[in-house]
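The values are calculated or read from the model by the stated rules, or taken from the named source; none is laboratory data. The model shown is predicted, which means the values in this text are computed figures rather than measured ones. With ideal geometry, Cβ positions are generated from the backbone for all residues, glycine too; neighbour counts draw on all protein chains shown. Ligands, DNA and RNA are stripped out before the accessible areas are found, and what is left, the full protein with its side chains, is counted by its heavy atoms. Shrake-Rupley method; radii C 1.70, N 1.55, O 1.52, S 1.80 Å.
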Amino acid sequence: MKVDGTDYRTIWVSPDSESSVEIIDQRQLPHRFVTVSLEDVDAAYRAIKDMLVRGAGLIGATAGYGMYLAALRADDKRILEELEKAGSRLKSARPTARNLGWAVDRVLAAVAQLDSASAIRHTALATATTIADEDADFCRMIGEHGRSLIATIAAAKQGQPVNILTHCNAGWLAFVDYGSATAPIYAARDMGIDLHVWVDETRPWNQGSRLTCWELAQEGISHTLITDNAGGHLMQHGKVDMVIVGSDRTTRTGDVANKIGTYLKALAAADNEIPFYVALPSSTFDWQLAHGTDIEIEIRSGDEITTITGLTKNGTMESVKLAPDGVEAANYGFDVTPARLVSGLITERGIVAAEESAIGKLFEDKLRDARSLHGTR
Ligand code: MRU
C-alpha cells in the first residue's frame, strides 16, 4: 500500500527498537495521518478496543504483536502464565472478528512447549511476524483469484467501467496490506480494467466515507461515496455490476458476519440478480460454527450513533450531537449474511461456493486440524 507515494504496512515493528510496534491511528483518518507506538500489551488491547486499528486481519496482526509485547515485558519465571493472561485480555477487546482469538491461540500454541524465556520471546515475535506476513500474502492471493471475476464482467461490458459496490472498509487498512475486498479491485486495475467503486458510507463509524474513500484515492481508483441506503436504488437502475465485501467471521457452512448493513446489500443484490462476493483470508473461518446465528455480534456504545466526529473549519477534530439528549440508541456492529445469498467466497486458495462441502474440500487440512483441537458444533 502507498500513502502519499510512500510504501507502508498497517503494522510494523519499529526499525529503531524491536520492543515497540507501530500502527496507524485510523480514528484520525482521513484528516490526519498519525502513527502510534505500542509499547506493551495494554496498549495493543486499547488500540483494538478503541479502534485505532480495526478490520479482521489487522485486529489479528495486532493481537499477535500484542502477545509478543506481553512476552517482552513478562517476568522470566512466570512468562507462560503471563502470556495466558495477556491472551485472555486481548481476546476480550472485540468479540466478532475471528482473527483476534485465532492469532492469540496461534502464539500460545507456538510457545507452549518452550522452556526458556528468551526462546519464548523469540518465537512470539517470529509467530507474530508470520501472522502479519501471511495476512498480506493471503490478501495478495485473493486479488489474484478475484480479478478473474471482474475481468469476465469487463469483457461482457466491452470496456465500459465495471461498477463494484463495497461496504465498510475491507481494504488494506483492515488488513496488513492489499485488503480482502479491495485486493481483486487493485489486481484488476493492474490488468488495465476500467473500474468504478460505489462506497457505502457505513454508519455509524463511517469506515466507508473516512477510510475506503481515502484508501481508494491513494490508489487512484475512481469511486463515489453513497449513503448506506442508496445501494438498492443503484442496483435497480443497473448501476452496480457486482458487490464485493469482506468478512469478520465465516462459518464452515459459508455464513458471513460482516459490518452491519452487509445483509441488506446481499438481499438487494439477490433481488436484482447481481453477484455478491465475499473476499476473505481463511483466518476468518470459524471451523467450529455451522450457523451464522451463533456468531457473537459486537454491540458498541450508542454514543457512536448519537454523535459524530469530524474536522472543523479551524482544523480541529470535534464531536457534535445528532440525536435528542437521552435517546436510547442500540449500536449493533455486525450482521450475518446467510450463505444462500453469497455468490462465492474469494479466498487465498481460490473461489469457492459458500457451502459446507465445497469449503471443507478446499480447506480440508484446516478443518481437520480444528476438529482434532476442539471438535465442531
Ligand atoms: O468494526 P470494524 O471496522 O473492525 O469492522 C470491519 C468490517 O466489518 C469490514 O467490513 C471488513 O469487511 C471486515 S475486515 C476483514
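The number of residues in segment 268-294 that are under 10 Å from Val342 (Cα atoms) and either near the ligand (Cβ under 9 Å from one of its atoms) or more than 17 Å from the chain's Cα centre (by Cα) (or both) comes to 5.
Among the residues of segment 49-60, write down those that are within 9 Å of the ligand (Cβ to nearest atom) and more than 11 Å from the chain's Cα centre (by Cα). Hit for segment 49-60 is Met51, nothing else. Please go through segment 331-347 and give me each residue that is aliphatic (A, V, I, L, M) and either open to solvent by less than 10 Å² (accessible area, probe 1.4 Å) or in contact with a Cys (Cβ under 9 Å, 6 or more places away or on another chain) (or both), ordered by number. Those that are aliphatic (A, V, I, L, M) and either open to solvent by less than 10 Å² (accessible area, probe 1.4 Å) or in contact with a Cys (Cβ under 9 Å, 6 or more places away or on another chain) (or both): Leu345, Ile346. Leu322 meets each of the listed conditions (1) out of contact with any strand residue (DSSP E or B) (no Cβ under 8 Å at 6 or more places or on another chain); (2) open to solvent by 20 Å² or more (accessible area, probe 1.4 Å) apart from (1). So in segment 138-167, with the set limited to residues that are open to solvent by 30 Å² or more (accessible area, probe 1.4 Å) and of a type in the set (Gly, Ala, Ser), which one is nearest to His196 (Cα to Cα)? Across segment 138-167, the extreme among qualifying residues is Gly159.
Taking first residues from segment 276-292 that are not assigned by TED's automatic domain parsing to the domain that holds Thr250 and partners that are in a helix (DSSP H, G or I) and among the small types (Gly, Ala, Ser), no Cβ contact under 7 Å between residues at least 6 apart in sequence or on separate chains turns up. Can you confirm whether Ala43 is of a type in the set (A, V, I, L, M, F, W, C) and farther than 29 Å from Ala181 by Cα? Considered against the rule, which asks whether it is of a type in the set (A, V, I, L, M, F, W, C) and farther than 29 Å from Ala181 by Cα, Ala43 comes out as no. Might you check whether a residue that is open to solvent by 70 Å² or more (accessible area, probe 1.4 Å) and of a type in the set (Lys, Arg) occurs anywhere in segment 265-283? No; the residues of segment 265-283 include none that is open to solvent by 70 Å² or more (accessible area, probe 1.4 Å) and of a type in the set (Lys, Arg). The single condition from (1) part of a loop (DSSP other than H, G, I, E, B); (2) in contact (Cβ under 8 Å) with a residue 24 or more places away in the chain that Asp335 fails is (1). The residues in segment 204-255 that are farther than 18 Å from Arg147 by Cβ, out of contact with any helix residue (DSSP H, G or I) (no Cβ under 7 Å at 6 or more places or on another chain) and among the small types (Gly, Ala, Ser) can be counted, and the count is 5.
Do we have Glu273 as free of Cβ contacts under 8 Å to residues at least 40 places away in the same chain, among the acidic types (Asp, Glu) and more than 23 Å from Gly246 (Cβ to Cβ) here? No; evaluated as a whole, the condition is false for this residue.
Considering (1) surrounded by fewer than 19 Cβ atoms within 10 Å (Cβ to Cβ); (2) within 13 Å of the ligand (Cβ to nearest atom); (3) aliphatic (A, V, I, L, M), the lone condition that Leu173 does not fulfil carries the number (1).
The set of residues from segment 247-261 being under 11 Å from His167 (Cα atoms) and either surrounded by 24 or more Cβ atoms within 10 Å (Cβ to Cβ) or charged (D, E, K, R) (or both) comprises Ser247, Asn258, Lys259. Restricting attention to segment 33-43, does a residue exist that is polar (S, T, N, Q), open to solvent by 60 Å² or more (accessible area, probe 1.4 Å) and more than 14 Å from the ligand (Cβ to nearest atom)? So far as segment 33-43 goes, yes, one or more of its residues are polar (S, T, N, Q), open to solvent by 60 Å² or more (accessible area, probe 1.4 Å) and more than 14 Å from the ligand (Cβ to nearest atom).
Got a sec? Which of Ile244, Ile299 is within 13 Å of the ligand (Cβ to nearest atom) and surrounded by fewer than 17 Cβ atoms within 10 Å (Cβ to Cβ)? After applying the criteria, what remains is Ile299. If only one of Thr6, Thr62, Thr10 is under 24 Å from Trp287 (Cβ atoms) and hydroxyl-bearing (Ser, Thr, Tyr), which one is it? Result: Thr62 is the single residue among Thr6, Thr62, Thr10 that is under 24 Å from Trp287 (Cβ atoms) and hydroxyl-bearing (Ser, Thr, Tyr).
Scan segment 61-108 for residues that are touching a Ser or Thr at 6+ places or on another chain (Cβ under 6 Å), within 16 Å of the ligand (Cβ to nearest atom) and open to solvent by less than 10 Å² (accessible area, probe 1.4 Å) and the total you get is 1.
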